[in-house]
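Structure, as structure tokens:
The values are calculated or read from the model by the stated rules, or taken from the named source; none is laboratory data. All figures in this text were calculated on a predicted structure; none of them were measured in a lab. Glycine gets a Cβ as well: all are built from the backbone with ideal geometry, and neighbour counts include every protein chain shown. The protein model used for the area step is the full one, side chains on, heavy atoms only, and it has no ligands, DNA or RNA in it. Shrake-Rupley method; radii C 1.70, N 1.55, O 1.52, S 1.80 Å.
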Amino acid sequence: MADGEEYLTVSGERITLQRRHHSASCREFLVRCPRLQLRSLSAVTCAVWLVAYGLFVLCQNSAVLSAAIFVTLIGLLVYLHFVKIDQESLLIVGSLGIQMTSSYASGKESTTFIEMNQVKDVVINEAIYMQKVIYYLCILLQDPIEPHVVSEVVPLFQSSKPRLDCLVEVYKSCQEILEQNKKS
């Protein structure tokens, strides 16, 4: 079963949360961010090229124009491959663990897996950021030596930054699976 609901990010942009219930102990959450806007891409490109043309007029050196084109293309490739994330997913399987995947605009994917025996809890945390209180979902990892101590905090959905109402939906499902796992 898959359904998609629209939510807002902390900055007010629209995102989509899609839920997939594979089984009672396996759920997947996909957060889709807005695609790269052609208008903003064109504005940045035009600004760089206008500055380069102004420098070309002043110094009469065509290398300035070539460098501007080169810098714009390299900058765009770096942005698409390392910065712009189109989709973040969280797959939680009660008997195995939690898998987090980030899909970049270039098609590159980055995946992290955490075994369930390392997971202490999934919580909603709050932070003060630029004079605002923002909420984020995170996984608390337990210390292998002292199981009652949290050794690491792994934040989820770092790129999309959904608001609290979206995080609560994901949190409730994660807690259901964690409770099932503790009982068995």
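3J(HN,Hα) couplings calculated from phi for segment 133-144 with the Karplus curve 6.51 cos²θ - 1.76 cosθ + 1.60 (θ = phi - 60°) are, in sequence order, 9, 10, 10, 8, 8, 8, 9, 9, 9, 8, 5, x Hz; Gly and Pro show x. In the chain, a dipole from Cβ-located charges (positive for Lys and Arg, negative for Asp and Glu) runs towards its positive end, and of Leu164, Phe56, Leu30 it is Phe56 whose Cα lies farthest in that direction. The helix-based estimate of mean residue ellipticity at 222 nm for the chain, built from -39,500 (n - 2.57) per DSSP H run of four or more residues and divided by its residue count, is -11000 deg cm²/dmol to the nearest 500. On the chain, 58 percent of the accessible area sits on carbon and sulfur atoms, based on a 1.4 Å probe. For Rg and Dmax of the Cα atoms in Å, the value calculated from this model appears in (1) 22.5, 91; (2) 21.3, 75; (3) 38.2, 125 under label (2). Accessible area ranking (1.4 Å probe, heavy atoms, ligands and nucleic acids excluded), largest first, for Arg19, Arg163: Arg163, Arg19. The mean sequence separation of alpha-carbon pairs under 8 Å and at least six residues apart, normalised by the residue count of the chain, gives a relative contact order of 19 percent.
Using θ = phi - 60° in the Karplus curve 6.51 cos²θ - 1.76 cosθ + 1.60, the 3J(HN,Hα) couplings for segment 21-27 round to 9, 6, 7, 5, 10, 9, 9 Hz; x is entered for Gly and Pro. With protein chains left intact and a 1.4 Å probe, residues in segment 101-184 average 63 Å² of accessible area per residue. Annotation: amide H of Asp86 within the under-5 Å range of Ser103, Tyr104, Ala105, sequence separation 5 or more or interchain, hydrogens built in the peptide plane.
Two tests apply to each whole DSSP H helix in the chain, Cα reach of 15 Å or more along its axis and mean Kyte-Doolittle hydropathy of at least 1.0, and the ones passing both are 38-59, 63-78.
Annotation: amide H of Leu156 within the under-5 Å range of Leu137, Cys138, Ile139, sequence separation 5 or more or interchain, hydrogens built in the peptide plane.
Sequence-ordered 3J(HN,Hα) estimates for segment 96-107 from the Karplus curve with 6.51, -1.76 and 1.60 and θ = phi - 60° stand at 10, x, 10, 10, 10, 10, 10, 10, 7, 4, 7, x Hz, glycine and proline given as x.
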